[in-house]
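A.B. asks: The structure is given below, and queries will be raised subsequently.
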Amino acid sequence: MTKDSKKKNDLRKQVSQAISACQEKQAEEIAILELEQGSGAFTDYFVVCSGTNPRQIQAISDEVEQRLEQTGMRAAHIEGYRQAEWVLLDYVDFVVHIFSEKARKYYDLERLWKAAKRLEPAELQKTPSKRAASARKKPA
């Protein structure tokens with residue numbers, strides 16, 4: 001495994017941990033945007049989800065932070081936690097956005113970044129090494 005593929009695989013695992021944390025706290029409408037290099041993006045992935053009220057939005061944020069801290073990652077920057085309309089957790093290579101339904105409709109990040117590739121959570125949870133190994137196996 002090359003250094004770049006290991007870094008990408010580690011990043012996908014970290015994003016997957018963030019998604020699992022969102023799912024654990026019943027986040028709604030989870031979207032993963034893989035941002036293209038050269039698109040002006042400052043990060044590789046956006047994880048976007050919604051909470052139904054400020055307490056749930058904060059609980060989702062807390063769970064994401066706790067899960068990633070267990071893997072040794074700390075957010076480089078956090079915004080909006082107290083107001084809980086739009087909480088932004090910046091992990092440099094990916095950013096988690098947790099919105100109220102109203103704020104999500106207003107800011108509409110999915111429309112702003114419509115050129116980004118949309119991924120399903122399951123796509124990140126697959127490990128490339130297993131896929132590559134199964135592709136190498138020859139049928140008997």
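A.B. asks: Counting only DSSP beta bridges with both residues in segment 3-121, tell me the antiparallel percent, nearest 5.
C.D. replies: Looking only at bridges with both residues in segment 3-121, the antiparallel portion is about 70 percent.
A.B. asks: A further question follows. About the Cα centre of segment 57-126, how large is the charge dipole given +1 on each Lys and Arg Cβ and -1 on each Asp and Glu Cβ? Please answer in debye to the nearest 20.
C.D. replies: That gives a dipole near 300 debye.
A.B. asks: Sorted by packing (mean other beta-carbon atoms within 10 Å per residue), highest first, where do 20-32, 43-55 land?
C.D. replies: Descending packing order for the listed peptides: 43-55, 20-32.
A.B. asks: Also, quick follow-up: Exceeding 22 Å between C-alpha atoms, which entries from my cross-link table qualify? They are LYS25/LYS102; LYS13/LYS105; LYS8/LYS117; LYS13/LYS117.
C.D. replies: Going by Cα-Cα distance, LYS13/LYS105 fall outside the 22 Å limit.
A.B. asks: How would you rank 112-119, 70-77, 9-16, highest first, on the average number of other Cβ atoms within 10 Å across their residues?
C.D. replies: Packing order, densest peptide first, comes out as 9-16, 112-119, 70-77.
A.B. asks: Return the sequence-ordered ³J(HN,Hα) values of segment 45-52 in whole Hz as given by the Karplus equation 6.51 cos²θ - 1.76 cosθ + 1.60 applied to θ = phi - 60°, using x for Gly and Pro.
C.D. replies: Each residue of segment 45-52 in turn: 9, 10, 10, 10, 8, 10, x, 8 Hz.
A.B. asks: Also, I was wondering about something else. If you build the Cα gyration tensor of segment 3-121 and take the root of 5 times each eigenvalue, what three semi-axes come out, in whole angstrom, biggest first?
C.D. replies: 21, 18, 12
Every number here is computed from the coordinates shown, using simple stated rules; none is lab data. What you see is a predicted model; the values in this text were computed from it and never measured. Virtual Cβ from ideal backbone geometry, glycine too; neighbours counted across all protein chains shown.
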